Amino acid sequence: TPPDTTLDPLLDNIEQRLDVAQAVALHKWDRQQPVQDSPREQQVLSNVRQLAPEYGLTPARAAQFFSDQIEANKLRQYHLLTQWHLLQKAPDTPRQDLASEIRPRLDLLQGQLLDALARFDQAPPEQCSHALAEAIALRSTDAPRRLFLIRATANLCQRP
Ligand SMILES: O=C(O)C(=O)C[C@]1(C(=O)O)C=C[C@@H](O)C=C1
């Protein structure tokens, strides 16, 4: 199968959002804060529902896609926190503040993701589920990382 021109940019953006999970988990580790923040999730979902039409997406499609991004993000946070609990320490890397630094970065990535999703929906690959499975397999040999991508794209090929 030839490389796909809409799937890869979208997966790049999905991975960028997943990368932010490490900074979030570190912040929550330091403060013993739970991963789940339901009011923040509702805020993210309500934002993307409102922005969706600007990108030619339905609010339902945008919200479904972001709900999957949030679930994948939590999966990665739980995975990292469990590794740190096992070692009884987290990496000694510079910390970023959730409210003033990390969430603004997630908000910035939001527009890029909506744009990439809209492009994807305008020209989805033939045999979408197969193309997606192949792209994920090619992208990462790391089993947990593949799992995060699988969760993040769970509804990608389910067209409205
Ligand atoms: O902002 C946070 O606290 C996050 O953990 C990020 C995020 C998200 O993916 O947007 C994930 C889980 C929380 O329930 C809320 C939001």
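The values are calculated or read from the model by the stated rules, or taken from the named source; none is laboratory data. Since this is a predicted model, take the numbers as computed values, not measurements. Here the Cβ is made from the backbone with ideal geometry for all residues, glycine too, and neighbour counts use every protein chain on show.
If you take the residues in the stretch 41-60 that are touching a helix residue (DSSP H, G or I) at 6+ places or on another chain (Cβ under 7 Å) and among the charged types (D, E, K, R), which one is farthest from GLN122 (Cα to Cα)?
Selected residue: GLU41.
Would you pick out the residues in the stretch 119-157 that are under 22 Å from ALA60 (Cα atoms) and free of Cβ contacts under 8 Å to residues at least 60 places away in the same chain?
Result: CYS128, SER129, ILE150, CYS157.
Would you mind finding the one in LEU98, LEU117 that is of a type outside the set (S, T, N, Q) and either in contact with a Leu (Cβ under 9 Å, 6 or more places away or on another chain) or closer than 25 Å to ARG146 by Cβ (or both)?
Details: LEU98 fails: either in contact with a Leu (Cβ under 9 Å, 6 or more places away or on another chain) or closer than 25 Å to ARG146 by Cβ (or both).
Matching residue, one of LEU98, LEU117: LEU117.
Quickly run through the stretch 134-160 and pick out the residues that are closer than 16 Å to SER67 by Cα, out of contact with any Lys or Arg (no Cβ under 7 Å at 6 or more places or on another chain) and not in a helix (DSSP H, G or I).
Passing the criteria: THR153, ALA154, ASN155, LEU156, CYS157, GLN158, ARG159.
Please tell me if ARG95 is basic (Lys, Arg) and assigned to a helix (DSSP H, G or I). So that I can check it myself, show each step before the final result.
Details: basic (Lys, Arg): yes; assigned to a helix (DSSP H, G or I): no.
Answer is no for this residue.
Could you please find all residues in the stretch 56-77 being more than 13 Å from the ligand (Cβ to nearest atom) and either of a type in the set (Lys, Arg) or closer than 18 Å to LEU11 by Cβ (or both)? It would help to see each step written out before you state the result.
Residues of the stretch 56-77 that are more than 13 Å from the ligand (Cβ to nearest atom), as a first pass: 56-62, 64.
If the condition is that a residue be more than 13 Å from the ligand (Cβ to nearest atom) and either of a type in the set (Lys, Arg) or closer than 18 Å to LEU11 by Cβ (or both), then LEU57, ARG61, ALA62, GLN64 are the ones that fit.
Tell me the residue from LEU98, LEU87 that is buried (at least 16 other Cβ atoms within 10 Å of the Cβ) and either more than 20 Å from GLN36 (Cα to Cα) or at pLDDT 95 or above (or both), please.
Numbers: LEU87 fails: buried (at least 16 other Cβ atoms within 10 Å of the Cβ).
One residue alone meets the criteria, LEU98.
Pairs under 7 Å by beta carbon, first residue without any contact (Cβ under 8 Å) to a residue 40 or more places away in the chain in the stretch 44-59, partner within 12 Å of the ligand (Cβ to nearest atom), six or more apart or different chains?
LEU45/PHE66; LEU45/SER67
So which residues in the stretch 150-160 are surrounded by fewer than 21 Cβ atoms within 10 Å (Cβ to Cβ) and not small (Gly, Ala, Ser)? Steps first, answer last, please.
Filtering the stretch 150-160 down to residues surrounded by fewer than 21 Cβ atoms within 10 Å (Cβ to Cβ) leaves 150-151, 154-155, 157-160.
Within the stretch 150-160, ILE150, ARG151, ASN155, CYS157, GLN158, ARG159, PRO160 meet the criteria.
Being of a type in the set (Gly, Ala, Ser) and touching a residue at least 40 places away in the same chain (Cβ under 8 Å) is the filter here; which residues of the stretch 89-118 pass it?
Filtering the stretch 89-118 down to residues of a type in the set (Gly, Ala, Ser) leaves 90, 99-100, 111, 116, 118.
If the condition is that a residue be of a type in the set (Gly, Ala, Ser) and touching a residue at least 40 places away in the same chain (Cβ under 8 Å), then ALA90, GLY111, ALA116, ALA118 are the ones that fit.
Suppose the filter is surrounded by 13 or more Cβ atoms within 10 Å (Cβ to Cβ) and of a type in the set (S, T, N, Q); does GLN42 pass it?
Here the answer is no, as GLN42 does not meet what is asked.
Run LEU18 past the list (1) free of Cβ contacts under 8 Å to residues at least 24 places away in the same chain; (2) under 14 Å from the mean Cα position of the chain (by Cα) and report the number of the one that doesn't hold.
(1)
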